[in-house]
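The values are calculated or read from the model by the stated rules, or taken from the named source; none is laboratory data. Remember, predicted model here, so these are calculated numbers, not experimental data. Heads up, the Cβs are rebuilt from the backbone with ideal geometry, glycines too, and the neighbour counts pull from every protein chain shown. What goes into the accessible areas is simple: the full protein's heavy atoms, side chains included, and nothing from ligands, DNA or RNA. Shrake-Rupley method; radii C 1.70, N 1.55, O 1.52, S 1.80 Å.
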There are 2 protein chains.
Amino acid sequence: MTTLRSTLDFLLYDWLQAETLNARERFADHSRETFDAVLDTCERIAREKYAPFNRTVDAQEPQFDGEKVILPQATKDAYDAYAGSGMLSAAQDYGIGGMQLPYTVDAAANAFFAVASISISSNLLSTGNANLLMVHGTDLQKQVFALNEFSGRFSGTMCLSEPQAGSSLSDVATRAVPDGEGHESDPLGARYRLTGNKMWISSGEHELSENIVHLVLAKIPGADGKLVAGTRGISLFIVPKKLVDTEGNLTGVRNDVALAGLNHKLGWRGTTNTLLNFGEGKYPVQGRAGAVGYLVGQPGKGLACMFHMMNEARIGIGMAATMLGLAGYYASLDYAKNRPQGRPTGAGGKDAAQPQVRIIEHADVKRMLLAQKSYCEGALALNLYCARLVDEQHTGQLEAADDARLLLEVLTPIAKSWPSEFCLEANSLAIQIHGGYGYTRDFPVEQYWRDNRLNMIHEGTHGIQAADLLGRKVLMENGKGLQLLAARMQATMARAAAVPELAAYVAALGDALQQVAAATQAAWATGNPTEALANAVPYMQAFGHTVLAWVWLDVALATLRLDVTLSVAANAGRMGAARYFYHYELPKVGAWLKVVNARDMTCASLAEEAF
Amino acid sequence: MTTLRSTLDFLLYDWLQAETLNARERFADHSRETFDAVLDTCERIAREKYAPFNRTVDAQEPQFDGEKVILPQATKDAYDAYAGSGMLSAAQDYGIGGMQLPYTVDAAANAFFAVASISISSNLLSTGNANLLMVHGTDLQKQVFALNEFSGRFSGTMCLSEPQAGSSLSDVATRAVPDGEGHESDPLGARYRLTGNKMWISSGEHELSENIVHLVLAKIPGADGKLVAGTRGISLFIVPKKLVDTEGNLTGVRNDVALAGLNHKLGWRGTTNTLLNFGEGKYPVQGRAGAVGYLVGQPGKGLACMFHMMNEARIGIGMAATMLGLAGYYASLDYAKNRPQGRPTGAGGKDAAQPQVRIIEHADVKRMLLAQKSYCEGALALNLYCARLVDEQHTGQLEAADDARLLLEVLTPIAKSWPSEFCLEANSLAIQIHGGYGYTRDFPVEQYWRDNRLNMIHEGTHGIQAADLLGRKVLMENGKGLQLLAARMQATMARAAAVPELAAYVAALGDALQQVAAATQAAWATGNPTEALANAVPYMQAFGHTVLAWVWLDVALATLRLDVTLSVAANAGRMGAARYFYHYELPKVGAWLKVVNARDMTCASLAEEAF
């Protein structure tokens, strides 16, 4: 049986050749041994502090007693163990206490926590928050806020959505006004007072860390007191839950950020999700209205800064969806190998006098297992490929780095959306394999399915990802991102063309790529966004399946390169999963693209009263 | 906005022409007025006693205090209101207190309860249980058990699965031995003592009714004391929770049926689901081991009797899945019409100075609404078509009745499986439309999705339905069922061919039908069940989509027959939903059938250790 560790080892070392990164100056101190040590540590902490409590944090969801949010002790223990491992700053410079670990390895190591318990963990946002400040913050903001997040002393959030506007950021109504005289010269950044409400804030309130660093989008009113319409008026602020001095010490003053309520969710219940009121007067600071916030970057440029964090968060969500999918795969594989029931449909019919077989011997159970493996290991490969692009963007040669940046732009909507949809489907198959037991709370698979359902929504819905892909990413820089991606696919196909057993896949992938390219053209043939984007989601589904087919072809090539006498079973599994994807999945591309090619307005043009 | 009532009116009267049933002797006293009165009553009771408590029964799931099962008061109130309405026996003869209502109308009327709260209702099994006894029971069994179920005084269960065997009925291990001297002459039926455990028993224990009538599959040991292997050894027994006399009065003696535990489920929580121990000695009867059971029908013929009930239950599950889908559709349509957020993607780009629009104005939201409408109204039409076949089977002319029987055999796996899969997908889209609110418990859609996830499993999993379809139903009686279905489709196509705007659908349906027929041949080309059934589920998905396309074409024809000046919007909606199905869904058929045609063994032949 393959394990997550053996799968990661193959993808990291045999496929992505992560060791070659050590030739780069930034990673020169690293080796396979140091990478493995990180993987070992994370695997151990996840096994000890995360996995045993995954059901606990689902059953004992966060409660607000009016004063504070109550979480199970296990959540605090997991938080402390994670922070203690140094993983919050693993990718950071030595100079600030980091390990200068490649992001590829960092992402792989974090997979152990996600597969063990996605919702006990709320570290993703702290790291993303701190990373944003490392790029856009002042030196003191880095020192006071980011570094304390990397140590785990503080934790972080991102506050974008508002109750009245959801994902529509141009309608952000949180106001930020200058905080009196000298506000512009506060050493922590120009000081403002914020008032407004933020919805869907993960880890917005808890007692896990000494302080919470909210990164908040708000608008600074113009001279007429009005907010600028649209996203151009948005600025970004650091709003700490508790005020700090320039050394990062708590001053003892609570900032005016109040928990207005907890969202009670279908899944992912271990992570507190909040509605926060900023500056409503519950904790007035110096007797004046408004929560104290410090400007990050330039006024009116807040969204650009925040996108830095959002892109990271989106790839993080793709990884979360993937690991939930794999968790279900492993659980259902284990069940299928141990549950006896029924007899195989043989050429001679069923013989009831024979003993029952384990359900993994039924063809349909194998189909459901292989579908899960193909979806989830494929998604894992894609996510690690994206992580590898991040390393390339940060440490590669000029042109390679720029290519990586652009490829990431195009692949981010896929890395986020595809696992959210298909690893959720994998979780449904894991339930199905369990039969009636699958829908009871005695087995873990129903929770994975519930947890995973959030991923198609948070950090940008499927619809938003699709509009981003077809409306922006494949067009930007004259379509260069799409061309770069096609070139990578062509390169894989060229290598695979020399391998007889992959010839059919090369043809199928070439055809799918051609179909996607043609559909991109057809969608925009009239230049009318209403028509082009009417079927953006089916376009994204077809695009995603094509990307995954490419990933599987490339993985198959790497598999065939291996010494065949090693890992015979694991190699057969990977080749089987690739074959599954080409036989069962890739043929769906044509059906999705049909409506894109036709700029089909069946849905968009139906009158409201006809529904 | 279309309502469930207006949709049912169209399907019943304009499409299925239910009024023509009144020409038949059994239904001669009925008229549209009497049908409408039944629909009115059910709609009212569902609105008052079911809908307001759907969340209540989810949040307060059944608890076992060691003595009895505790349910919310709302469940008892709903049960009493339903029983009081006479709906339990609506389809029965006047002579036993029934209404002689066509099953078509009965099914439509029950839709109101299902859409309001699927899990508060547990009437489906009582009716099915009593119906079975009306066909296979003795006169006294009908009088004592069935009639008391029709009145609501008793309720009923079906006890098939066992913990060690799940769906594998040939492995039933519950034993039934003759209950002493004179056992064969008990007026209630030959008397046996049963010992064994039954799992997944819905409504297996509660206080809603005076008594519970369990219908139990068990095996009578041979002279050697051994159970016959396989399904041939299975007999059927009535095992009442409390013993009764020949008048149906409770004798005061509790039978030895003990609740061993409740299953705590992902959804459908309002309905108690139990593990029952028969004859374990907790409630010994006359000091001897075993639960008292009365034989129904002939020894060894139990499964054939039970299939009577199972087929009804399967169509009932299809209807339940459909109504959960529609409940989500209505909820998300309402949300989409009222939630302002964002601006449409217009040719001129987004203008943030304009006010936000309601989300139904976004093309992708319309796509998700129309997909739901197409899935769920299509599934409703299919289920009512099946109900109409039941009426034909029972009251039609000899040949028509036999055709209806055989069509039902072929369509039952589709009527059960298709809504279970695609109305679940509809529920996921309903969540998606709600954005973050969709995964909170403040809105009803997450519960619909959870409730619906059971339907692909209970009453025979997807895999079992698919094996039944491709392994039995399309082959039986020399493939006559499939031929009959194809002829019905051809008849619809012939009528539609005369309508220019339907010409493209006729071609597409003809093509799909041809593909399904060819795949059926190809699957069985080698005559090897292992190869034929390796991809039975993709076959069933393609088969189901073809059936639904046919249903939509037939519905479109009926829509176009209507006076165009009436229901302009509703007609446009139906034509839009049909178009959606043909443009977005039917093209998927080819991808599913590819592996069936190839008898693809990618999954089935992968070695266990490769997973």
- request: Sort out which residues of the range B:209-238 are open to solvent by 50 Å² or more (accessible area, probe 1.4 Å) and among the small types (Gly, Ala, Ser), and write them in order of number.
  value: B:223
Of residues in the range B:12-33 being in a helix (DSSP H, G or I) and small (Gly, Ala, Ser), the one nearest to the chain's Cα centre (by Cα): B:18
query: If you go through the range B:460-476 one residue at a time, do you hit one that is without any contact (Cβ under 8 Å) to a residue 12 or more places away in the chain, under 21 Å from the mean Cα position of the chain (by Cα) and outside any helix (DSSP H, G or I)?
result: no
message: One residue is enough: does the range A:123-142 have a residue meeting the conditions within 30 Å of residue A:226 (Cβ to Cβ) and among the small types (Gly, Ala, Ser)?
response: yes
message: Step by step: first the residues of the range B:355-368, then only those that are part of a loop (DSSP other than H, G, I, E, B) and within 8 Å of chain A (Cβ to nearest Cβ), then the one that is surrounded by the fewest Cβ atoms within 10 Å (Cβ to Cβ). Which residue is that?
response: B:356
- prompt: If you go through the range B:474-494 one residue at a time, do you hit one that is among the hydroxyl-bearing types (Ser, Thr, Tyr), over 27 Å from residue B:584 (Cα atoms) and open to solvent by less than 60 Å² (accessible area, probe 1.4 Å)?
  reply: no
statement: When restricted to B:529, B:538, the only residue modelled with pLDDT of 95 or more, crowded, with 17+ Cβ neighbours inside 10 Å and over 24 Å from residue B:318 (Cβ atoms) is B:529
task: Check B:378, B:318, B:396, B:325 and return the single one that is closer than 30 Å to residue B:170 by Cβ and of a type outside the set (Val, Ile, Thr).
output: B:318
- prompt: Among the residues of the range A:226-254, how many are part of a loop (DSSP other than H, G, I, E, B) and at pLDDT 95 or above?
  reply: 6
- request: Could you pull out the residue among B:401, B:371, B:387 that is surrounded by fewer than 18 Cβ atoms within 10 Å (Cβ to Cβ), in a helix (DSSP H, G or I) and outside the structural domain of residue B:485 (by TED's automatic domain parsing)?
  value: B:401
field: Filter pass, residue A:546 being buried (at least 17 other Cβ atoms within 10 Å of the Cβ), farther than 28 Å from residue B:360 by Cβ and within 25 Å of the chain's Cα centre (by Cα)
entry: yes
- request: Could you please find all residues in the range A:406-423 being in contact with a Phe, Trp or Tyr (Cβ under 8 Å, 6 or more places away or on another chain) and open to solvent by 10 Å² or more (accessible area, probe 1.4 Å)?
  value: A:422
- request: Take the range B:501-554 and flag every residue that is in a loop (DSSP other than H, G, I, E, B) and either in contact with a helix residue (DSSP H, G or I) (Cβ under 6 Å, 6 or more places away or on another chain) or of a type in the set (D, E, K, R) (or both).
  value: B:524, B:533, B:534, B:535
task: Identify the residue in the range B:591-607 that is open to solvent by less than 60 Å² (accessible area, probe 1.4 Å) and within 7 Å of chain A (Cβ to nearest Cβ) and, among all such residues, is farthest from the chain's Cα centre (by Cα).
output: B:607
task: Report yes if residue A:393 is open to solvent by 10 Å² or more (accessible area, probe 1.4 Å), within 12 Å of another protein chain (Cβ to nearest Cβ) and of a type in the set (S, T, N, Q), otherwise no.
output: no
message: Being buried (at least 19 other Cβ atoms within 10 Å of the Cβ) and either small (Gly, Ala, Ser) or at the interface with chain A (Cβ under 9 Å from one of its Cβ atoms) (or both) is the filter here; which residues of the range B:559-570 pass it?
response: B:570
message: If I ask for residues that are among the charged types (D, E, K, R) and touching a residue at least 12 places away in the same chain (Cβ under 8 Å), which ones from the range A:523-567 would you list?
response: A:531, A:554, A:561
- request: Only residues that are at negative phi and in a loop (DSSP other than H, G, I, E, B): list them for the range A:555-576, please.
  value: A:562, A:563, A:564, A:565, A:566
message: Which condition from (1) within 12 Å of another protein chain (Cβ to nearest Cβ); (2) under 22 Å from the mean Cα position of the chain (by Cα); (3) without any contact (Cβ under 8 Å) to a residue 24 or more places away in the chain is the one that residue B:439 breaks?
response: (2)
field: Hits in the range A:113-139 - residues which are under 19 Å from residue A:308 (Cβ atoms), in contact with a Leu (Cβ under 7 Å, 6 or more places away or on another chain) and not hydroxyl-bearing (Ser, Thr, Tyr)
entry: A:123, A:129, A:132
Residue that is farthest from residue A:470 (Cα to Cα) [pool: residues in the range B:346-401 that are in contact (Cβ under 8 Å) with a residue 60 or more places away in the chain and of a type in the set (S, T, N, Q)]: B:395
- request: Name every residue in the range B:424-459 that is modelled with pLDDT of 95 or more, surrounded by 24 or more Cβ atoms within 10 Å (Cβ to Cβ) and not in a helix (DSSP H, G or I), in order of residue number.
  value: none
